[in-house]
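A quick write-up on the structure given underneath.
Rule-based calculations on the coordinates, nothing more; no lab input. Remember, predicted model here, so these are calculated numbers, not experimental data. Here the Cβ positions follow ideal geometry from the backbone for every residue, glycine too, while neighbour counts run over all protein chains shown.
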Amino acid sequence: MAETTPAKEPIKASEIDPKFKYEIAKMHGGEKLLRCFQCGTCTSDCPVARYSDTYRPRQIIRMAQLGLRNRVLNSDTLWLCAACFTCTDRCPQDVEVASVIRVLRNLAAEKGCVPQVFKDQAASILESGYAYKIPELRIKKRESQCLPPLPKGNPESVRKTLKNVKFFQNTEKKGEPSGQ
Ligand code: SF4
Ligand code: SF4
């Protein structure tokens, strides 16, 4: 990942991209971004925020509204959202918070700002059909316990299904998940 600017660092005028919020608002799911009036309901009801010192959906929405493009897209916390949609259900302004976060993740992925763990998973999906590559040791252990072999993945079919997904296209081109 590119270096993350901590959310609490003072904002410099040069960081602000005034067009960013309009760019998001044009995308499916991002249309209501500008309605947010920062009540904090999304953060107070978010199950991830409850267990994290840094993950705050309200803050992500505010950074997007302010045009802090690089700060928000480079942020690792963007990837902590569990997409449970509680925030979207509870927002009094009808902001589709979870969808805005998805839009931001897609923009981050286009820039190659994806945590290594997801890059590794993408590479594994393309290679084996599974997000988690079963270690050889475990396969041998199953054999030693007379357990049946695990079902084989079908990476060819998976690649066919994912051929139009940009993140996977980048992954395949580079022989590794989308780089930075
Ligand atoms: S609940 Fe809605 S209005 Fe309140 S801070 Fe979150 S996004 Fe903004
Ligand atoms: S969708 Fe993401 S931001 Fe919203 S409540 Fe669930 S984990 Fe939190």
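A few notes on this one:
- Distance between the 7 Å Cα→Cβ label points at Phe37 and Asp89: 2.4 nm.
- Against the chain, whose longest principal axis is taken from its Cα atoms, helix 57-66 shows a tilt of about 60°.
- Here's how it looks for Glu96: its modeled amide H is under 5 Å from those of Lys32, which are all 5 or more places away or on a different chain.
- Alpha-carbon centroid distance for the pair segment 101-169 / segment 22-62, whole angstrom: 29
- Our compactness index for the chain, the C-alpha radius of gyration over the empirical 2.2 N^0.38 Å, is 1.22.
- 3J(HN,Hα) along segment 160-168, derived from phi through the Karplus expression 6.51 cos²θ - 1.76 cosθ + 1.60 where θ = phi - 60°, amounts to 5, 5, 9, 4, 9, 8, 4, 4, 6 Hz, with x in place of Gly and Pro.
- Helix-only arithmetic for the chain: the sum of -39500 (n - 2.57) across DSSP H runs with n ≥ 4, divided by the residue total, places the mean residue ellipticity at 222 nm at -13000 deg cm²/dmol.
- Its Cα centre serving as origin, segment 116-174 has a Cβ charge dipole (Lys and Arg +1, Asp and Glu -1) of approximately 120 debye.
- Sorting the segments 45-53, 70-78 by their residues' average number of neighbouring beta-carbon atoms within 10 angstrom, most packed first, yields 70-78, 45-53.
- Spin-label pair Val117-Ile16: with each label point 7 Å from Cα along the Cα-Cβ axis, the two points sit 3.5 nm from one another.
- The chain: angle of helix 97-111 to the longest principal axis, Cα-based, in degrees nearest 10: 70
- For segment 116-174: rounded, prolate or oblate by the Cα gyration tensor [a/c cutoff 1.5]: prolate
- Gyration tensor (Cα) of segment 22-75, equivalent ellipsoid semi-axes in angstrom: 20, 14, 9
- When you restrict to C-alpha pairs under 8 Å that are six or more residues apart and normalise by the size of the chain, the relative contact order lands at 22 percent.
- With eigenvalues of the C-alpha gyration tensor scaled by 5 and rooted, segment 13-111, Å: 19, 15, 12
- 0 to 90° range, to nearest 10: angle between helix 116-128 axis and the chain longest Cα axis: 40
- Phi angles across segment 21-29 convert, under the Karplus curve 6.51 cos²θ - 1.76 cosθ + 1.60 with θ = phi - 60°, into 3J(HN,Hα) values of 4, 6, 4, 5, 5, 7, 8, 4, x Hz, Gly and Pro given as x.
- The charge dipole of segment 1-131, taken about its Cα centre with unit charges on the Cβ of Lys, Arg, Asp and Glu (plus for the first two, minus for the last two), comes to roughly 400 debye.
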